[in-house]
1. Residues in the range 357-365: is at least one hydroxyl-bearing (Ser, Thr, Tyr), farther than 19 Å from Gly240 by Cα and surrounded by 22 or more Cβ atoms within 10 Å (Cβ to Cβ)?
2. For the range 305-322, does any single residue satisfy the condition of being among the aliphatic types (A, V, I, L, M), farther than 23 Å from Asp274 by Cβ and in contact with a helix residue (DSSP H, G or I) (Cβ under 9 Å, 6 or more places away or on another chain)?
3. Looking at (1) in contact with a strand residue (DSSP E or B) (Cβ under 7 Å, 6 or more places away or on another chain); (2) surrounded by fewer than 21 Cβ atoms within 10 Å (Cβ to Cβ); (3) small (Gly, Ala, Ser), find the lone condition where Gly238 falls short.
4. Would you check if there is a residue in the range 50-62 being in a strand (DSSP E or B) and more than 24 Å from Leu12 (Cα to Cα)?
5. Which residues, counting only those in the range 147-188, are in contact with a Leu (Cβ under 6 Å, 6 or more places away or on another chain) and either aromatic (Phe, Trp, Tyr) or within 18 Å of Glu56 (Cβ to Cβ) (or both)?
6. Starting from the range 233-248, keep only residues that are farther than 14 Å from Ser263 by Cβ, then list their pairs with residues that are in a helix (DSSP H, G or I) and of a type in the set (Phe, Trp, Tyr) whose Cβ atoms are within a distance under 8 Å, requiring at least 6 positions of separation or different chains.
7. Inspect the range 376-390 for any residue being touching a Phe, Trp or Tyr at 6+ places or on another chain (Cβ under 7 Å) and not hydrophobic (A, V, I, L, M, F, W, C) and give the result as yes or no.
8. Output yes when any residue across the range 53-62 is surrounded by fewer than 20 Cβ atoms within 10 Å (Cβ to Cβ) and farther than 30 Å from Asn241 by Cα, and no when none is.
Amino acid sequence: MHNYIEKVLTKLKKRNPGEVEFHQAVEEVLESLEPVLESDSSYEENSILERIIEPERQIIFRVPWVNDAGETKVNRGFRIEFNSALGPYKGGLRFHPSVYTGIVKFLGFEQIFKNALTGRPIGGAKGGSDFDPKGKSDQEIMRFCQSFMTELARHIGDKTDVPAGDIGVGGREIGYLFGQYKRIKNRYEAGVLTGKGLSWGGSLARTEATGYGLVYILAEMFKDKQITLEGKEVIVSGSGNVAIYANEKISELGAKVVAMSDSSGYIYDQNGIDLDLIKEIKEVKRGRIKEYLEKYPEAEYYNQCHDIWTVDCDLALPCATQNEINLEAVKKLIENDVIAIAEGANMPLTPAAIELVQANNILYIPGKAANAGGVATSALEMTQNAMFAEWSFEEVDQKLKQIMINIYQEASTTAAKYGKKGDLVAGANIAAFLKVANAMLDQGVV
């Protein structure tokens, strides 16, 4: 390891104890930058690594709210504004009990590079709360969102920081958040949040964007490798927007999704998952994936969601959460002759899993490239808001597809340029780093 990288990582872990996800994300990026640092000393001379791993601003705040029983509850809110070298901070809000500083920093750090790859003028940020929306009424969620935004509104704006949704934050939550922002600021600032409703500034194809984008970049890689998607059997973990619309698009291209999951377990249907039924269970009823068996009793259900990776498949699309594929899961996938793994979630493979995937020459697309379609389309939503324009679904979808093609080609070309041909982890990291780091050099010590 380059001495500069080693020094920075040592200091990072000392200054940020216990934030294991953040350490993992930073180490994965920095280790791939060795050829860049060896070829250009200006990054070390200007302390770019020390600056890029330190958030520009970290905000932690109390979120008090009242439940339907009249009891006062208190959660913790976060916003990590990580890097604005390329544009206003941009990144989602996650409402989930697992949220703490280390998770938000990991996600915000990843967002810097993911956003840079899109080619849009947006910086990196992330936020959220340890609030759990599961089991809460609409009124409880509204009251929580209003309290959360009462503080967050001080720190965001369409030229400053533009949040969006993530796990636990969908159209309902974005609506409540936007309503409170408008109420506090006394102005209609459509560009302050993305993922809005279509009738009040949202973009067509935003719901589908991350899942579609995942498949578009996978299809471009297969085209480059002269492989067809037709007839391939696919595992998709998760059953949220990313998983559902990755299923939809890859099925359109001739593949067959045979397994999907939620946090309670997974289903396997050898005839192919009935996506319309999954949409009804998850998007309409907000139910559990086990309900799939009520219509298809011949399908199989298992109550350990992580065991989904034992299912025989050609393609694996992890679309649930971080570190969901560990070393043992990858060994099983390899044993079952998996061809490719593309990350729909943020950092779903552990470092040991990635190392084994690459050692076995499995085609692999890291999340900062593969799941960039969501934020790319959020940036397209910001563009439409700024122009007072509404683009058709087809127009947005075509722009999204081209962005994902560009990301693959840039990552592939950059990897080859720096002696890492075929390594899309290195290619994506280096390409994104160069954009951000060079902008930081141009803007001085800030």
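The values are calculated or read from the model by the stated rules, or taken from the named source; none is laboratory data. A quick note: this is a predicted structure, and the numbers were derived from the prediction, not measured. No Cβ is skipped: glycine too gets one built from the backbone with ideal geometry, and neighbour counts run over all protein chains shown.
1. Within the range 357-365 (the criterion being hydroxyl-bearing (Ser, Thr, Tyr), farther than 19 Å from Gly240 by Cα and surrounded by 22 or more Cβ atoms within 10 Å (Cβ to Cβ)), the answer is yes, since at least one residue qualifies.
2. No: the range 305-322 contains no residue that is among the aliphatic types (A, V, I, L, M), farther than 23 Å from Asp274 by Cβ and in contact with a helix residue (DSSP H, G or I) (Cβ under 9 Å, 6 or more places away or on another chain).
3. Result: Gly238 passes all but (2).
4. There is at least one residue in the range 50-62 that is in a strand (DSSP E or B) and more than 24 Å from Leu12 (Cα to Cα).
5. Pro163, Phe178
6. Partner pairs satisfying both residue conditions: Ile235/Trp309; Tyr245/Tyr212; Ala246/Tyr212; Glu248/Tyr212.
7. yes
8. The answer is yes, given that some residue of the range 53-62 is surrounded by fewer than 20 Cβ atoms within 10 Å (Cβ to Cβ) and farther than 30 Å from Asn241 by Cα.
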